[in-house]
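Take a look at the structure below.
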Amino acid sequence: MAGINVNVNPVLRREMVERMRGGRTFVILTAYLAVLSLVLYGAYEVGRNTDDPTQTALVGRGLFGWLLFFMLLLVLFLVPGTAANAIAGERERQTLVPLQVTLLSPQQILLGKIYAAVAFLMLLVVATMPLLSVSYLVGGVTIGEVLGGVAAVLFVGLALGCLSAAISTFTKRVQGAVVMSYGLVLLLTLGTLAVWGAYAMVDESRGVDEGNPPSYLVLANPLATVTGVVGNGTDVGGNDSPFDWFEELVLPDEFNEFTGEPTGDAANGLPASFMWSSIGLYAALAAGAVALGSRRLRTPAPTER
Amino acid sequence: MTDATAVADPAPEPPPDPAPQAQPPPGAEPAIRIAGLTKRYGSLFAVRDLTLDIPRGSVFGLIGPNGAGKTTTFSVLASLLTPTAGRVSVLGYDPARQPREVRKRLGYMPDILGVYDGLQVDEYLEFFASSYRVPKARWGATIDTLLELVDLSTKRTARVNSLSRGMKQRLSLARALVHDPEVLILDEPASGLDPRARVELRNLLGELRAMGKTIVVSSHILSELAEMCTEVGIMEKGVLLASGSPGTIRDQITEHRQINVRLVGGEERSYEVADDAEQAALLRRLLDDGEQVLEFTEVGDGLEDLFMKITTGEVQ
């Protein structure tokens, strides 16, 4: 462990040594790639039923969309469970007190744990790049969209990691932290959609006809953040990915009355302001979570932490 | 003084106070100074008005039943808990206001053993050396020295989860020493150890004391504390009931000392004296009377007897 002459956070270094030992990481990585490979194969089989070369781009875009969506799903599944173990796991193992009496600050302890969770996430993403390159080679996506989509998924994973790690500082047991972390993920993914749907139902019941509910209601939805980066509003049909469905859901129905083509946001996708607002919201939540979690870990404290 | 009838079985001799090691210069500031320490959780007083000075270079034993406030006191010293009231100083620094300065100079071994099972022994110590900002160039030599001190050199590359409990205790002690602290706080270091491991730990603490470290230790095994501690403190329900050397505490709570005398011919007698002067006078009187004294021994309560006399056995 002393071979690398870099001033690395000691907690991060220790976490990486422990994580890469044993077969658990290998099993998770293998299962992750197996699932994504199946998704890639399934999406390709569904979308390749045409000899029209102009449709090939749509196939590639569909592959990219579905692959990125499942990457996001797996991140939403893996990161909370990993990061929730951050501090609650140290408490359960009775290793938190020896850490707190060292010269590591509460921020260093918490960030070391978060970095370790993100490093694992980056390992998963890097392992996925060969699969993503297939969609790029088929066509229909630019390298910027590929990198942007991957960056958006990583960013969402980092933000959720910060939130889960902060939750972990408040619980005595890992189980409680995991339950609360997954509850938060459900709230952000399904809860925001439920609020959006309820708003739409209320509008409809009042006879209001102003298009879709405001898109800011789903600003905190992880799907929205990634859609904001990769969505382009094109009515692709046939090879729609969940990101396209999400766009159709939240964008106002605006169509050219003569051609029937989508116009405005419906044509161009979610506005840049939406994307940056969503990113900004997650950044603020992540920063707030780290600040709150660090404060919780601070010693000396009035009660045992 | 009063003469007593000869006793057939004299009470066991109190363990001798440990031989003094290298002493700090007279007038040196105590390593730990506690004045009126109180820690309250609602209506529960975990520690109440504790006042105590622990000299540099001493081995101080803190004794008490469960819930006496020992661990709470240690947590305050180790800068984990803030006191409700009172002042605490460790080597001149306040753990509540200057935790980093205290942590640089204090090693803490909590009562519950927690280690990282996935690491090797040397990796475990490297992690804490890094966490205590020990220069990387010194890691190798420091770990070699520590492993030799705690007799784990042969386990350097072994996984921590393969160590026995006694080995893990020694490794935890090595962790507390990795930054060469001046003060050591050890909470129940002998807990769960077999007799051989306890003897080895006691010898190890003796070596650390010879190195000039100030050691504060708690234990339920009073006989061991009596052997290795220069001073002890007895706590119950958050209150310090007595402190000092075992002999000093004995004099505080008993009005008389018992002196057993064995004469040539096998006769044994028992006397009670109030102080050193009476004890010396008794010996002079016996010799002046022509008695042939083979043994003249002060018989006092051992630490266990003192503990049982001082405490009530009630817990909070």
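Nothing in this text is a laboratory measurement; each read-out follows from the coordinates by a stated rule. In this text the structure is predicted, and so the values were computed from the model without any measurement. FYI the Cβ positions are ideal-geometry reconstructions off the backbone, even for glycines, and counts take in every protein chain you see.
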Item to complete: Average the reciprocal distances over every distinct pair of alpha-carbons in the range B:132-189, invert the result, and give the Kirkwood radius in Å.
Response: 12.1 Å
Fill in: Mean-position separation - Cα centroids, the range A:118-162 and the range A:76-112, in angstrom
27 Å
Worksheet item: What percentages, rounded to whole numbers, describe P(r) for the range B:144-235 computed over all alpha carbon pairs with 5 Å bin width beginning at zero?
Response: 3, 12, 27, 26, 19, 10, 3, 1, 0
Worksheet item: Under a GNM of chain B (C-alpha, springs under 10 Å), which listed residue has the highest mean-square fluctuation: B:T72, B:T51, B:T157?
Response: B:T157
Worksheet item: With no solvent and one point per C-alpha, what does the Debye sum give as log10 I(q)/I(0) for the protein assembly as shown at q = 0.06, 0.07 Å⁻¹?
Response: -0.49, -0.61
Response to the item:
Each residue of B:131-138 has, on average, a number of other protein chain C-beta atoms within 10 Å of its C-beta equal to 3
Worksheet entry | Most fluctuating residue given options B:L119, B:L286, B:L225, as computed from a GNM of chain B linking Cα atoms under 10 Å | B:L286
Response to the item:
Per-residue Cβ contact counts at 10 Å, fewest first, order A:D244, B:D53 as B:D53, A:D244
Practice prompt. Quick one: order B:E101, B:E267 by neighbouring beta-carbon count within 10 Å, fewest to most.
Written response: B:E267, B:E101
Worksheet entry | Packing-based order for B:103-114, A:119-130, A:82-93, using average beta carbon neighbours within 10 Å, highest first | A:82-93, B:103-114, A:119-130
Worksheet item: If you rank B:R209, B:R196, A:R173, A:R296 by fewest surrounding Cβ atoms within 10 Å, what's the result?
Response: B:R196, A:R173, A:R296, B:R209
Discussion item. Just to be sure I follow: if Rg is taken over the C-alpha atoms of the range B:169-300 and Rh is the Kirkwood radius over the same atoms, what is Rg/Rh?
Written reply: 1.12
Worksheet item: Using the Cα atoms of the range A:44-185 to build a convex hull, what is its mean projected area in square nanometres?
Response: 9.7 nm²
Response to the item:
Spelling it out for B:T84: with amide H atoms placed in the peptide plane at 1.01 Å from N, the residues 5 or more places away or on another chain with amide H under 5 Å from its amide H are B:T38, B:K39, B:R40
Item to complete: Return the sequence-ordered ³J(HN,Hα) values of the range A:67-77 in whole Hz as given by the Karplus equation 6.51 cos²θ - 1.76 cosθ + 1.60 applied to θ = phi - 60°, using x for Gly and Pro.
Response: 4, 5, 4, 6, 4, 4, 4, 5, 5, 5, 7
